[in-house]
Amino acid sequence: MGKIRLGIIGTGQRVFQHGDVVFKNCTDIAVLAAICDNKSDRLARVKKEYGREFGYEANAYLDYREMLAKEKLDGVYIATPNDMHLDVALAAFKAGAHVLCEKPMEVSLARADQMIAAAKKHKKLLGMAMQMHYRRRYHKVKEIIDSGRIGKVAQVWCTEYRPEYSALKEWVWDPARSGGAIHEKNCHHYDIFNLWLESRPTTVYASGSIIKHAKPHGVASAIIDNAWIINDFENGARGMVGICFLAGKGQEHTREFGVWGAGGKITFDVTDDEIIHVELANGDNEEFKMMKDEEFRGGVFRDFADCIVSGKQPLVTPQMGRDSLLVPMAAELSIKEKRIVNVSELK
């Protein structure tokens, strides 16, 4: 079997600015055959930069339909605006390609369900690019929880203080395209909460507003830039997320997580390289220092390529991607309507 042929659809922040070169660690089994973006300047920039990395230039397209028709790809990575994920995925499945979809899965559960159904119909892989789920530190926390050392979990939480979205994601400020700031960003955090608790969320209350970024980078914004979210889970635990996009130039991007149980707590944050601190009620303390960015299964992109070759399922399944939307969607609705929302209301 020769190397599989992969394509990228969407060359904005995730592909050019956020993290490393996509599929960089897959060259032994894959070729980046094609890239696509409807903005020619971004496409040319990524073609040049990726060509320098891989030693060859991928074929470039302004229309993903043309790319899928001409290239006979084994798999594609979809990194378009969120409201395009379904349409691009449907076209990719019909063209015979497996799909790795950037988070969040879509802007509604109905559209996410259509994507899942299409993958099953065409018998293709549908992986979710939830990169936090691939980091070993989050699985180490899961291991500690499952060991019973901190007892029954009462609370999980995360607070993040960060700058506004990059100008490369100008579409994110339109909630019809992104789903909103919480939908776009915090699906990561709720995916981790779901991993840790293995319990479905029930009711959600959120409060948020636009206090600073009404017109970031000269583009009008209709998404919140600060919020608190509280939710309950079926197993009796509750979660809380504080998200704040108010960090200015030179201010540190901070993020911290915590798990509180009847017998102790687990905390970690970026200020000390996310060393996992375990403090037990009996006075015992432990620390676990994970290698920075150490990943399961080679990370999102290697896992996707390996799964195409082996036929195995990706680490983050379509159902996990769908489940990560539940609290964010309910939170967006709660802020809009100023009320408690039950996730059973979502569509």
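The values are calculated or read from the model by the stated rules, or taken from the named source; none is laboratory data. None of the values given here were measured: they were computed from a predicted structure. Neighbour counts run over all protein chains shown; Cβ positions are idealised from the backbone, glycine included.
Brief remarks on what is shown
- Which listed residue is within 21 Å of ARG137 (Cβ to Cβ), without any contact (Cβ under 8 Å) to a residue 40 or more places away in the chain and more than 17 Å from the chain's Cα centre (by Cα), from GLU287, GLU345, GLU337: GLU287
- Screening ASN226 against (1) free of Cβ contacts under 8 Å to residues at least 60 places away in the same chain; (2) out of contact with any Cys (no Cβ under 8 Å at 6 or more places or on another chain) leaves a single unmet condition, (2).
- Residue in region 223-240 that is modelled with pLDDT under 95 and surrounded by 16 or more Cβ atoms within 10 Å (Cβ to Cβ) present: no
- Yes/no for MET84 being modelled with pLDDT of 95 or more, among the hydrophobic types (A, V, I, L, M, F, W, C) and either in a loop (DSSP other than H, G, I, E, B) or over 30 Å from VAL343 (Cβ atoms) (or both): no
- Pick from region 253-277, criterion touching a Phe, Trp or Tyr at 6+ places or on another chain (Cβ under 8 Å) and assigned to a loop (DSSP other than H, G, I, E, B), ranking: nearest to SER207 (Cα to Cα): HIS253
- In region 298-334, the residues that are assigned to a loop (DSSP other than H, G, I, E, B), farther than 13 Å from GLU106 by Cα and either in contact (Cβ under 8 Å) with a residue 12 or more places away in the chain or of a type in the set (A, V, I, L, M) (or both): GLN313, PRO314, LEU315, VAL316, THR317
- Test: residue in region 96-110 that is surrounded by fewer than 22 Cβ atoms within 10 Å (Cβ to Cβ) and in contact with a helix residue (DSSP H, G or I) (Cβ under 6 Å, 6 or more places away or on another chain): no
- Selection count where residues are part of a strand (DSSP E or B), closer than 17 Å to VAL343 by Cα and small (Gly, Ala, Ser), scope region 207-243: 2
- Screening LYS123 on (1) over 19 Å from the mean Cα position of the chain (by Cα); (2) at negative phi shows it passes everything except condition (2).
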